[in-house]
Each structure stands twice: as structure tokens, then as C-alpha cells.
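Structure first, then comments.
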Amino acid sequence: MITILTNKILNKSSTPSKRADGRASDDLRPFKIEAGVLERADGSAYLELGGNKVMVAVYGPRELHIRRLMQPDRAVLRCRYNMAPFSVDDRKRPGPDRRSIEISKITSEAIMPAVFLERFPRSTIDVFIEVLEAEGGTRCAGITAASVALADAGVPMRDLVVACAAGKSDGEVVLDLSEAEDKDGEADVPVAIMPRTGEITLLQSDGHLTSEEFEKALNMAIDGCMKLSKAQKEAIIKRYGD
Amino acid sequence: MITILTNKILNKSSTPSKRADGRASDDLRPFKIEAGVLERADGSAYLELGGNKVMVAVYGPRELHIRRLMQPDRAVLRCRYNMAPFSVDDRKRPGPDRRSIEISKITSEAIMPAVFLERFPRSTIDVFIEVLEAEGGTRCAGITAASVALADAGVPMRDLVVACAAGKSDGEVVLDLSEAEDKDGEADVPVAIMPRTGEITLLQSDGHLTSEEFEKALNMAIDGCMKLSKAQKEAIIKRYGD
Amino acid sequence: MITILTNKILNKSSTPSKRADGRASDDLRPFKIEAGVLERADGSAYLELGGNKVMVAVYGPRELHIRRLMQPDRAVLRCRYNMAPFSVDDRKRPGPDRRSIEISKITSEAIMPAVFLERFPRSTIDVFIEVLEAEGGTRCAGITAASVALADAGVPMRDLVVACAAGKSDGEVVLDLSEAEDKDGEADVPVAIMPRTGEITLLQSDGHLTSEEFEKALNMAIDGCMKLSKAQKEAIIKRYGD
Amino acid sequence: MVIIIPEIIKESLNNLVKNGDRADDRSFDQYRDIVLETGVIDKAEGSARVKIGKTQIMVGTKSQLGEPFSDTPNVGVLMTNSELIPMAAPDFEPGPPDERSVELSRVTDRCMREAKVIDLEKLCIIEGKKVWMIFVDLHIIDYDGNLMDAAVLGSMAALMNTKIPEAKVVDDEVVIDEEKKIPLPIKEKALMCTFAKIGGELIVDPSLEEEQVMSSRISIGMRTDGSICSMQKGGMQPLTKDEIIKAVARSKVLTKKLMEHLPQNKQ
Amino acid sequence: MVIIIPEIIKESLNNLVKNGDRADDRSFDQYRDIVLETGVIDKAEGSARVKIGKTQIMVGTKSQLGEPFSDTPNVGVLMTNSELIPMAAPDFEPGPPDERSVELSRVTDRCMREAKVIDLEKLCIIEGKKVWMIFVDLHIIDYDGNLMDAAVLGSMAALMNTKIPEAKVVDDEVVIDEEKKIPLPIKEKALMCTFAKIGGELIVDPSLEEEQVMSSRISIGMRTDGSICSMQKGGMQPLTKDEIIKAVARSKVLTKKLMEHLPQNKQ
Amino acid sequence: MVIIIPEIIKESLNNLVKNGDRADDRSFDQYRDIVLETGVIDKAEGSARVKIGKTQIMVGTKSQLGEPFSDTPNVGVLMTNSELIPMAAPDFEPGPPDERSVELSRVTDRCMREAKVIDLEKLCIIEGKKVWMIFVDLHIIDYDGNLMDAAVLGSMAALMNTKIPEAKVVDDEVVIDEEKKIPLPIKEKALMCTFAKIGGELIVDPSLEEEQVMSSRISIGMRTDGSICSMQKGGMQPLTKDEIIKAVARSKVLTKKLMEHLPQNKQ
């Protein structure tokens, strides 16, 4: 069973800090991941990262009822990223907006390379990502949690995709921008990887960076992914044993 | 042929009145019911109750085109409650709103127990309730008229469902609240019954009542139903003879 | 290839002018028509008439996916008239409005009589009319361009439907009202014909006219159609040779 | 839904007309029975129930304060809306207005507006800021053909029946007196005549059956003086110029007769 | 999607109840385990997570300044919205609220509103102009039956947990003090008890399996004093008057027990 | 609609690239022919028609007075909207923007916004109350691949071509002088380069055929100085870090060349 009240276990800093919340430039916010948190879904996961609270349910592989979406040689992977109305400062009107439509699309593309879709022709695998509380970095949190939920559902995968952002705040390239840092920040670079090969399945860059800064941010985000990857695996082990 | 201009035949009062419109506590507003008022529909009915004017058309049993709604062992009964834009004080924007969606649902549930749906597998029976003028109590008016329209369409039924509301106004439990009484009233209890058995097929309670008041309102509403039931039957006899 | 910058070739006037733009009462605005202007469409055309710029694409005859629209004995002709957001003075919100729904309907009806629909049962022919810039008379411009695009797509036709409006402005019946004339004008009469037989496939009248004025406007519009008809044929010859 | 009319019915209706006859024995210039009542909905500010044969429409009007359009700051607004509700015919479906319903309301609207039936300038309260908006809502409850003529007849009657509260401007604020109701400033009357082309002939007031086999349709809106305020061709086949000119002439006679159904003329 | 319940399951669940038993061994008046936490979403102004058995709902509240309704110019507004998001069950689909979801939010809303749980007059800031609007959003994340009781319990808890900024009127302008948060003016408590009719008996808190075979349903909203604030019958079969009267009596006892789960009572 | 690409085409395009070639004989860093015209729509305040190969987009801009966002009270608003209208390709369908169209407008919007192409502060008229909103509308009329680069190029050109009326504040009221048109305050230029991965290589400016067989895609938005303002990966397969770093280096060269198509540079 999950407890939503955050227990603030801070990750250790490797460099002296000048960030508002005391983190070093390459520190993640405190996080925790849990698998198997819902009753009805075939698989589920819950993730907290700083103030973010994200729940994911997976249904499938199951029959696809909409014929025009059906693929004769593989399953369709449909991700739906959705924010609860109470998850942000000003109440969000229910239903998809342009932002959530774009995030749903790139989330699907980020996860797809890892899933053996070809084993389930004419089927669908549905991933429902619900942001219960948002504090910067929800798209990455959603992808990281979705992989755990897919594993919990027993969907066969090449790897557990994991995502993390780096960015530029106060003139410095730093890992995992908080909402406050993102608001006044110069750039945000969300990245998803398949940790076994290091291949990149999601990459966006939003803001102004030199190519050197971009490369630094990319490397930092990949390092952040590796830390979260460990927590993903622990969550699955905790649920199923080794 | 119907004449929409109301002919105010007041029902006889059995108790001295203190209501604004001179009715006794257990008086219905003047009403009239007519069957077979439309040309195209398979069955139709028109009902006036106080200032309410409600028209109902029934189509079916007929083929159901939407496969996912189809029931292999019975007909689907679909009621659509709709208000004309000019039926209320402030023009109502056309199209369903949350209120009409709820009323459509409970109206279907109120009528369903009386219809031999199992005789028409894979079919639909469509009941279209149009409120041409609203003055408090339209959901009950719609149900009462719908039964007559179903009978007019020759749909086989166990009984003619009939509906009536009681409520609390000015501290007193009274029958069939008018719009004015409902507005300042303390509670409204719409009830539908199958008069042969007295079984209840619709029940809502909206407002504040002790359990004694509720029981009184429930009994009063059932008595009101019985009066309207007589008028339903007369309307059908008038159209088809005994 | 098309050049969108207008080259103002004025048509010769047959009567002395009192119109704001110097035209005689029976003058068209300068126009040009080009066939085969798009790469992906099966057929296409571009038309300028005064400040109007209209692009048309034709797809089909092709398979119709929406079963309930399918006709067992002929093709369906679907026209979609749409205005680009930047085509009018105040930005137009994207998507169909009531005006474009009506114009789409009457445009389909205007073109349909000329097409051998019966040769393509269970198919659809889709005509997409995009108004890139609007300056009065876009529905006629769309119909005239659509015929050329249909010919470009090789759709077999009895005739090339052509359309033109006449109207009343400043007390006088004149041909092809400009936007300014239409705004302060007394009436507008858009007409489409099949030039071989002179039969009328579109007719509207909007404004106040005596029956004599109406007849004059109708005749004038038909004469305008004949001029545009020549340009339609030239556009096709230019593309395909004689 | 696609409604397929058997060829045999098409042929028989065409032949009837070719022989100068119609299925219900009407002449080519004869309307079905018309019943028109006004003031039938107390909560509407104006209302009418119109029946042409078995076609039946309820019309209600409502006034509302609103802003004028920026290009016409000193005139009120007339808005016409129609719903082909599923009550009226087995093939009408719930949902937003389809193209038939949009055409019906727009043609009705243009007919009223272009005939200048209401003196819209008198509905301006504060120029550029506050005007009366008059909503005409057409609720089609029984559909047996020729909605256009019924819609225009019902709208005209409902507008003539409409009373709106008096609005005054006191210290730049609009004061509405709900107690004092005044009629709309009606300054013209206009109605519409629709002809269907069957068997090579134009016949007025087509029934649903006739509409289903007609090759085309022409609707002509006219004012009392016989001038034209609107026109709309419909249908999948063409008309000749001659046919249109003749229809205009016939509608002059027919409109005059139709006008007799409007309230004033009855008294 | 139509879910077909095999006849054999229907029969077995009916027989169980006829023998005084239920599939999960509960008594007829026994709720499943209830877990209620509040203050679980920092960005919400009030929040609750409620679990009844395997059913789970997240509830969050938000306040917003708005205009009052014209017929109640001096009271604030309570708005309840629910989403049966596709996360919660394999047959829930994305899209606008369907009739189940609309009924759920409207019943929850009426229960809170008619019980006068909040003193809405205290949410008026400037009469006729500015009032607080309180949004209650129900996010259903796990669906195993009896959403109504869970929705009302969660909403009641979230409202009791809600703190909104202080609003003052200075020179006719509203000044919001985000630093000073005050609790909502809660003046009553109300909860809801739902009974399903199976095998001729009414059993409280139906699980999803029980809902799928029930013939009908009755939900009763009650205040602390045992008075009724709302009621809603559901399902395709009737109930007798007797059954309803008895359900009201039983819900008096059950509501009292349910109230113990609300925050105050825990302390 | 699902478009199935025959395996044989996939293989042949992959093999071509593996041998250093492309179907249309371009080099890996070669764009198709680019045609860019501005000022093509008189009613737009700025406009451009851009063709990259057979892909064609019409771009128009409009200004409108509006309120600023509450968290940025002193800057104007840039809004980008795109429509994949059914004219442009046989599989585009009418209706609200789908996910491809939403991604296209959002990526274009971010590229312009994050590069600070317009000095949005100069579009503020009254802080917190009135700012200019600039709408950029992308009308895709012919689709043969690489919409992103065409959309950004067309938007940049249209913005540089845009003239809006002068707005002054007189006595706290905004006065718009439609006669006096001033250019937008352009302070930077940014364009986008898109690479598709085929046969293990990244090739710039993919045609539709190449897009249909590519394993993934990377779009890089850059300012004149070679700094990055936006990036978007797409497609169903991953990219390596190395590939991305190299694509950034290549896009520096390519962006510089692309810039030559913009109006100023032509003169």
C-alpha cells in the first residue's frame, strides 16, 4: 500500500550547493517509486519526485476495438498523460489540452522502443499517466513510472526506459529543475534512455543553450536517469522479489 | 388534435388551502394528457401540468445501429430529456447539459421495469421527451407522458409508469410543487411508480427532511401518482376506445 | 507553378463606369485561373478574382470509409469550403462555422449535376476549397475553381460548372460585387450554371430586389459566368494542351 | 442515414405530376392545410405553433441584452436557430445541427433580416454598447416536408407576437422595466414559398414524399409588396432560368394568400 | 462497452444473499475496510484520499473568485466534478463525462449542498459581484463498486480539510491575502449510504461484483442528526415503499458509524 | 488511417542511404529546393509562402489586442496554430488538430519563443492589462515531408514581414492608429533543421517517403549565432548520444545556409 505523504529522504550531494533547495548541481530531488499500487489495472506504479506525485496504470496487451488504429504486425502502445484538476496552482480544466496531447505523443515514442510490440499483433497496450500533483518535470516522472507499471503488468520489454531532465538555471547547468528553477530558468532538457545501451528515446530542449551547455545538460540528464533506473529496479524487486 | 392553450380545470381540494395558488396540500395542479398527437412518431403523447407543457415521441422497437450498445437478450430503452430554448425564463442554450443527462438516465431507469424489453433483443426503443414549457416538475411530467406515448406506440408493457413529486414548502409537506414553491422550498421528492403493484421505479430526494416528513412526502407523491394514472388511462381510452 | 502576387489585367469595360474601382456595371474584377498547382492532390486549381485567392484540391474517386454515407449506385461528392484564419480582416477561428457548413452544402449541390457520379458507386470524390484571401464572392470563386480541379483530376463531367454573382449596389444592378460594394450593397445574387445548357445549379438571393431587378441580376450573372467559363477552359488547355 | 426511395415510387410520383396531378390531389399551386396559433408558450416572449399539413414547428422568441456587432454599432441583433430534434422524424439524430438544420436557420434568418421585418435600429439602447438581441428558436417536432415555408411563417408570426420589456437609459445605465412590455417594432412582413421540381414541373409546398423524389427545389422569400428578399435553390439537379422566373411570378400570388394566415389579417 | 455477467454468477450471488451471506463474508450492514487520509495533495487547498475496499478516490478542492448566480447574489458557489478516468477500470474510456459520471457528481453535489455542509453565505465577498467558488474534483483511480459513498465521504473530508486565503474588501476592491489561510465555514456534516438489492435483500456498500448483479440501488444522504438531505434510486428494477423506509432507518445507524472516519472524530 | 509501407521500399531506401545515396540523389546534408515569398496575403499583417521541395505552407500573421498572462504582465503573446488541412495529403482528415498538428505548432512556437525572435516586452501596451497578441497561422497545403523546417522558416519570414498598427495610450485608453503600421520588433532569427535516421545515417530534410521509412527524427532549432533554442526528437526508435551531438554540429552549418533564404539576406 502506498502512503502519499512524502518522506523526504535527500540524496547525497557530490558538490557544494548554491541551489535554493540546497541541492548540488547534479542532485536529484528526493524520490520514491512503488510498483503494484492499484487494484483494477493489469499493472501500476506510483512515483514521487520532489513535489511531483504521479500514478500510472497499464491495461493490456488487450483487444483493440478501434479498427483504424489496429496494426497487423504489432501492438499499438497508447499513452495518455493527464493532469488532475487539483494538481497545479490554478485549477486545471478537465480534459486534454494541447500540452497534454503533445506529451502523450512523445511519451508513447519514448517507451515504444523498449516494448516487444511485435509479439502482440492487432492488440493495444494502454498506459494511463495521472499527474496527481505537479512540481516541474512531470513528463519525465510519467515515463519513469510508466516503465515500472509496464513491468508490473508483465509486458515483455528489452529494457526499463527511464527519464530525467537537466537544464540551465541561474546561469548554471543543473540536474532535475524544480518548478521554481524551471520558471525563472534559461533552459530545460528532458531526456529518456534505455539504460542498458544508453540509447536516447526522448529528447527535447526548450530554452537557450550553447552547444557545449547542451552537451553538458545531456550528459547530466543521462547520469540522473541511471540513478532513477536503480530505483525502478528496486521497486520491481520489492514487489516480486529477485 | 391538441390545443396548447391550457384549459384550467382545477382538481377538487380535500383540505383547506394555504398555498399561493389556492391548492390544498394534497392537490395536483390542473393537468391534461393526450395520446397520439404527432404524425411521424410511432407513438406520442402531450401532457400539461400547471404551466408545464411536455411532448413525447416514441420510435421503436427498431433496429439499433450502434453495435456497442446492442443487448443480445433484450431491447435497449433510450430516453432523451430535452428542453426547448424558449421553455424557461432565461433562454436555454440548445444541446444536452449535465442536468438533462442525469434526468435522461433516471427517466430510462424509471420506465424500463414496465417494458417487456426481453421481447425485442438487439433492438432499441427511443423515447424523446421535449419540454416545451417548464414550470416545476418536468421530469415527472416527462415520465408520465412517456408511458402514454409508449402505449400509443403499441409497446407491450406490464404497467403504465406514472410519476409525481411531493415536497416541503413553507414548512409543510405538500404535493406537486409549482416552480415558485420549489424555488423557495425546502425539499422536493420526485417519485415514479408502477400503479398495479405500487412498486417504486424512480425516487430522488433533494433538500432537507426528517425521516417522518420524507415518509409523508413519499405517501403523498404515491397518491398523486394514482390520480395521474387515471388520466393516463383515460387518454389511451380516448384515443383507442375501450 | 503559381505566383500569388496578383497581376492586374483589367477586363475591358463596355459601359462608362461609376463604380469605386472604375469598373463598368457588367465588368468582372481582374481574374486568373490555373490548373494543377498542387503536388499531392489528384487534381487542383488556383483562382484569383479581385482580392480573392482560392485554392482547390480534389481527391478521388476513392474508397469511402464511412459506411453510412455510402451510396450503392453512385459516388458521393463532398465539398468542404474552409477559410484560412488569415484570409479575412479579423482573424477567423479555425474550424467550420455555420456559414461554411451552408456554403459547403450548396457548393456540393452546385457541382453535382455536372459529374458522372453514377460511374463510381460506393466511392467518394472529395473537393477541398481553401479560401486563402477573401474579398467578396468567395463561394462563386470556390465553385469555379473546383470545376477546374475536378477536370485536372480527370473526373468525368458533363460540363464545367462556373459561378459568378451579380447584385445591387448604390441603386444599380452590377456584376461581381467587391467586398466594399457588398458591404453597403442592397443585394447579392450568386449563380452557378452549366454553360453548355445554361442550366442553373446554384442560386441564392440575399437582399432586397424587385422581380425586374432580380431578372436583370440573374442575366448579368449568367453573362459573367460565360466569361469565366472561357478562362476555365484556357486553364485546362494551358495545362494539358488541346 | 441514407434513405433509399424505391424507383417505383419515384416513377409514380413523376407520372402523377406529368398528368397534372399530385398524390394528395392538390393542384400545383395549392398549399396543404395551414394552422397557425400564436402565444402558445407563456415563458417565451413571443411564440407560434405552425402546421403545414403534417409538418409542425414550435417557434419561441427570447430577448436578451447584448453588445452590437462592431461594424453595426447602432442596430439590434436577430439570431435564428433551428433544431431538427429526433422527435420529428425517424432519421433525425441527436447532436449539433447538421447541414440541413444550418441551412434552414440561415435561410429563415436571411429572409427576416433582408426583408427588414424588424426595425433593428429601434432595438439599439446605447450605441456601440447595448442592444436587444432577439433569439428565434425553431423547434421542429413533426417533419412531413417543406420546413422552410413553415419556419418562415412561424418565425414571422412569433416575431409579430413578441413583447419585450421596455429599456431606458438612466445615467448611462440600462434600466429594464419587466412590468412594461412593448411589442417588437415590426415594419415589414415577409414569407417564403418553396417549389419542388418533379416530372418536369414546379409544384408548391412539397410533402416529404415529394421532397424525396424531387430533382431540385427553389425557395423564394417575398415581402408584402411582391419584392424579393431572399432565394435559395436546393437539390441535386439544375433549374432553367425560365423555371425560376416563372416561380417568382407564381410566388407573388401565393405569398399574398399565405399572408392571410398571419394574425393581423385574421381580425 | 456492454459487460455481460454470466447467469451463473448472478445466481450464485443471489443465493448467497438469500442465505444471509455475501461473497466476501460481510454482513448486510457491513462496509468494507475504509481508509481516509486528508491533506495528501499540497497544491490543492483541501484534499483527501478515500478507500472503501478496493475502490479508491482522490479528492481535491480549489477556490476561485467568481460571480454569484443572479438569483442568489449573496452566497458562494460549490461545484462538484468527477472523472471516471480510464485508469480506474478496463471499461472506462477517455472523453467527456458520461451519464454515470454526471450522476455521481450531481448526487455528491446535492448531498453537500442540501445538507448545507458549508455556510455559503460566508463565502460572499461583495454581494452580487464577488463570491468564492469552491471546486471539488473527484479523481476516481480504482473502481471496485460503491462510488457514491466514497465520493461523498471523500468530498466531506476534503472540504473539512480546505483552507482558502482570506479575502477583504478595501475601497470596493477585493484584496486576497495568500499568506493568511482560513478554513472553510463548515456548519454541518453529511454522508451517504448506498444499498444494493440482491436476492430480495438490501445490502450496504455493494462491491463491483454485487453492483453488476443487483436489481436496483438506493443511496441515502444524511446529516449527523439523521435527517435526510438527498436520495437517489438507481438500477433497472423497482423497490417497494417498505424497502425504502427500512433503508432510511438502517442508514441512520450506518451514517453515524461512517462519521467516525471523518478527521475531527479521530482526534 | 494506418499507412503501411511495403518492406521492399523500406529496404531499398535503407540500402541507398547505406551506400551514401538518396532516392532523389541529394547528399545527406542537402535540402530540397527552397522557395520563399513574403507579403503574399494582403489581408494578413504578415505572410509567407514557403516551399521545400513539394511541401508547401502558407503562413499568415494577425495581431489582436488582449490581456497578458497573469505571470508575465509586461510581455506580449505569441500564438502559433497549424492545420494539416485535408487538401495537403490523402490521409489528412477534417476536424480538430490531431497530435501531429499539435506537435508541429508547439515545436514551431517554442523555437520562435525561446530564441526570443520577437522582443515581446515591446508588445506590452499597458502592463497587466493590454498587450499585443500575435497569431501565427500555418496552413499546410501540400505535404511531402519535413513540415517542421518549413513551418519555422515560413513563420520566421512571416514575422519579419509583419506590420502592426501603432498603439498609443491616451488617458489610460488604448488608441490604435490603423494608418500607421510599424514592423514587429524582431531581435533575433532562428530556424530549424530536421534529420531523419535511415540505414543508420542521419540525413537532413527528409521527404515524405524518407519520413515513412525513417527509424527516428531529430529537429534542432538554432539562432544565427549557432546556439540552440529548441530540440525535439520523434519517431519510434532511439538515437545515440553521439548521433545527437553530431547532428547539432551539422545543423550549425545548415542553419547558416538556410538563413540566406530569409528576406533581408536576399537584398
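Of the strands (runs of 3 or more DSSP E) lying entirely inside region E:195-267, the ones with 2 or more residues being in contact with a helix residue (DSSP H, G or I) (Cβ under 7 Å, 6 or more places away or on another chain) and closer than 24 Å to E:Thr162 by Cβ are found at E:216-223, E:228-234. Among the conditions (1) crowded, with 24+ Cβ neighbours inside 10 Å; (2) within 24 Å of B:Pro61 (Cα to Cα), B:Ile237 misses just one, which is (1). Take the conditions (1) over 23 Å from D:Gly234 (Cα atoms); (2) buried (at least 22 other Cβ atoms within 10 Å of the Cβ); (3) hydrophobic (A, V, I, L, M, F, W, C); D:Cys111 misses just one of them, which is (1). Considering only region C:74-84, I want to know if a residue exists there that is over 17 Å from the mean Cα position of the chain (by Cα), under 30 Å from F:Asp137 (Cα atoms), buried (at least 17 other Cβ atoms within 10 Å of the Cβ) and in contact (Cβ under 8 Å) with a residue 60 or more places away in the chain. So far as region C:74-84 goes, no, none of its residues is over 17 Å from the mean Cα position of the chain (by Cα), under 30 Å from F:Asp137 (Cα atoms), buried (at least 17 other Cβ atoms within 10 Å of the Cβ) and in contact (Cβ under 8 Å) with a residue 60 or more places away in the chain.
With respect to (1) within 17 Å of the chain's Cα centre (by Cα); (2) at positive phi; (3) of a type in the set (Gly, Ala, Ser), the lone exception for A:Ser229 is condition (2).
When region E:237-265 is limited to residues that are in contact with a Ser or Thr (Cβ under 7 Å, 6 or more places away or on another chain) and among the aliphatic types (A, V, I, L, M), the one that is farthest from the other protein chains (Cβ to nearest Cβ) turns out to be E:Met259. Close Cβ contacts (under 7 Å, 6 or more residues apart or on different chains) running from residues in region E:81-106 that are within 17 Å of B:Ser104 (Cα to Cα) to residues that are surrounded by 21 or more Cβ atoms within 10 Å (Cβ to Cβ) and β-branched (Val, Ile, Thr) comprise E:Ser105/E:Thr80.
Within region D:1-20, if we keep just the residues that are out of contact with any Gly (no Cβ under 7 Å at 6 or more places or on another chain) and either within 21 Å of B:Tyr46 (Cβ to Cβ) or surrounded by 15 or more Cβ atoms within 10 Å (Cβ to Cβ) (or both), the residue that is farthest from the other protein chains (Cβ to nearest Cβ) turns out to be D:Leu16. Considering every residue within region B:135-145, establish whether at least one is within 9 Å of another protein chain (Cβ to nearest Cβ), charged (D, E, K, R), part of a helix (DSSP H, G or I) and touching a Gly at 6+ places or on another chain (Cβ under 9 Å). The answer is no; no qualifying residue exists.
Scanning region C:198-223 for residues that are in a strand (DSSP E or B) and in contact with a Leu (Cβ under 6 Å, 6 or more places away or on another chain) returns a single hit, C:Ile200. Count of region A:165-197 residues, restricted to those that are in contact (Cβ under 8 Å) with a residue 24 or more places away in the chain, part of a loop (DSSP other than H, G, I, E, B), within 12 Å of chain F (Cβ to nearest Cβ) and not β-branched (Val, Ile, Thr), is 2.
Just to be sure before I move on: is D:Glu173 acidic (Asp, Glu) and within 14 Å of chain B (Cβ to nearest Cβ) in the structure I sent?
no
Given the structure, is D:Glu99 at the interface with another protein chain (Cβ under 9 Å from one of its Cβ atoms), closer than 30 Å to D:Pro183 by Cβ and either in contact with a Ser or Thr (Cβ under 8 Å, 6 or more places away or on another chain) or buried (at least 18 other Cβ atoms within 10 Å of the Cβ) (or both)? So D:Glu99 does not fit the description; no.
Within region E:132-146, the only residue that satisfies the criterion of being under 19 Å from A:Val54 (Cβ atoms) and more than 10 Å from chain A (Cβ to nearest Cβ) is E:Ile140. Just to be sure before I move on: is E:Arg250 at pLDDT 95 or above and within 21 Å of E:Asp24 (Cβ to Cβ) in the structure I sent? Considered against the rule, which asks whether it is at pLDDT 95 or above and within 21 Å of E:Asp24 (Cβ to Cβ), E:Arg250 comes out as yes.
Table: residues versus (1) modelled with pLDDT under 95; (2) of a type outside the set (Gly, Ala, Ser); (3) under 22 Å from E:Leu104 (Cα atoms).
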{"residue": "E:Arg26", "(1), (2), (3)": "no, yes, no"}
{"residue": "E:Leu36", "(1), (2), (3)": "no, yes, yes"}
{"residue": "E:Lys43", "(1), (2), (3)": "no, yes, no"}
{"residue": "E:Gly60", "(1), (2), (3)": "no, no, yes"}
{"residue": "E:Thr72", "(1), (2), (3)": "yes, yes, no"}
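State yes or no: is E:Ile228 in contact with a Cys (Cβ under 7 Å, 6 or more places away or on another chain) and crowded, with 22+ Cβ neighbours inside 10 Å? Criteria not met by E:Ile228.
Residues are listed down the side, and each one gets a yes or a no for (1) in contact with a strand residue (DSSP E or B) (Cβ under 7 Å, 6 or more places away or on another chain); (2) at pLDDT 95 or above; (3) closer than 23 Å to F:Gly60 by Cβ:
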residue: C:Phe128; (1), (2), (3): yes, yes, yes
residue: C:Glu133; (1), (2), (3): yes, yes, yes
residue: C:Thr138; (1), (2), (3): yes, yes, yes
residue: C:Ala141; (1), (2), (3): yes, yes, yes
residue: C:Ala145; (1), (2), (3): yes, yes, yes
residue: C:Met157; (1), (2), (3): yes, yes, no
residue: C:Leu160; (1), (2), (3): no, yes, no
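Within region C:165-193, the set of residues being out of contact with any Leu (no Cβ under 7 Å at 6 or more places or on another chain) and either of a type in the set (Asp, Glu) or surrounded by fewer than 18 Cβ atoms within 10 Å (Cβ to Cβ) (or both) comprises C:Asp170, C:Gly171, C:Glu172, C:Glu179, C:Ala180, C:Glu181, C:Asp182, C:Lys183, C:Asp184, C:Glu186.
Evaluate the following for E:Glu114: is it touching a Cys at 6+ places or on another chain (Cβ under 8 Å) and away from chain A (no Cβ under 14 Å)? Yes, satisfied. Count of region B:185-242 residues, restricted to those that are closer than 24 Å to B:Asp152 by Cβ and not aliphatic (A, V, I, L, M), is 19. Mind listing whichever residues of region F:228-246 are in contact with a Leu (Cβ under 8 Å, 6 or more places away or on another chain) and either acidic (Asp, Glu) or within 28 Å of A:Leu77 (Cα to Cα) (or both)? Those that are in contact with a Leu (Cβ under 8 Å, 6 or more places away or on another chain) and either acidic (Asp, Glu) or within 28 Å of A:Leu77 (Cα to Cα) (or both): F:Met231, F:Gln232, F:Lys233, F:Leu239, F:Lys241, F:Glu243, F:Ile244. Considered as a group, the residues in region E:27-52 that are surrounded by fewer than 17 Cβ atoms within 10 Å (Cβ to Cβ) and in contact (Cβ under 8 Å) with a residue 40 or more places away in the chain include one that is nearest to the other protein chains (Cβ to nearest Cβ), and that residue is E:Asp29. Applying the set (1) at pLDDT below 95; (2) within 14 Å of chain B (Cβ to nearest Cβ); (3) out of contact with any Lys or Arg (no Cβ under 9 Å at 6 or more places or on another chain) to D:Val77 leaves exactly one unmet item: (1).
Conditions tested, residue by residue: (1) in contact with a Lys or Arg (Cβ under 9 Å, 6 or more places away or on another chain); (2) more than 13 Å from chain D (Cβ to nearest Cβ); (3) crowded, with 21+ Cβ neighbours inside 10 Å.
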{"position": "B:Lys32", "(1), (2), (3)": "no, yes, no"}
{"position": "B:Gly36", "(1), (2), (3)": "yes, no, yes"}
{"position": "B:Ala45", "(1), (2), (3)": "no, no, yes"}
{"position": "B:Glu48", "(1), (2), (3)": "yes, no, yes"}
{"position": "B:Asn52", "(1), (2), (3)": "yes, no, yes"}
{"position": "B:Arg62", "(1), (2), (3)": "no, no, no"}
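Considering only region F:53-73, state which residues are surrounded by fewer than 21 Cβ atoms within 10 Å (Cβ to Cβ) and more than 9 Å from every other protein chain (Cβ to nearest Cβ). Within region F:53-73, F:Leu65, F:Gly66, F:Glu67, F:Phe69, F:Thr72, F:Pro73 meet the criteria.
The values are calculated or read from the model by the stated rules, or taken from the named source; none is laboratory data. Just so it is clear, the model here is predicted, and its values are computed rather than measured. Methodologically, a virtual Cβ is constructed for each residue, glycine included, from the backbone with ideal geometry; neighbour enumeration extends over all protein chains shown.
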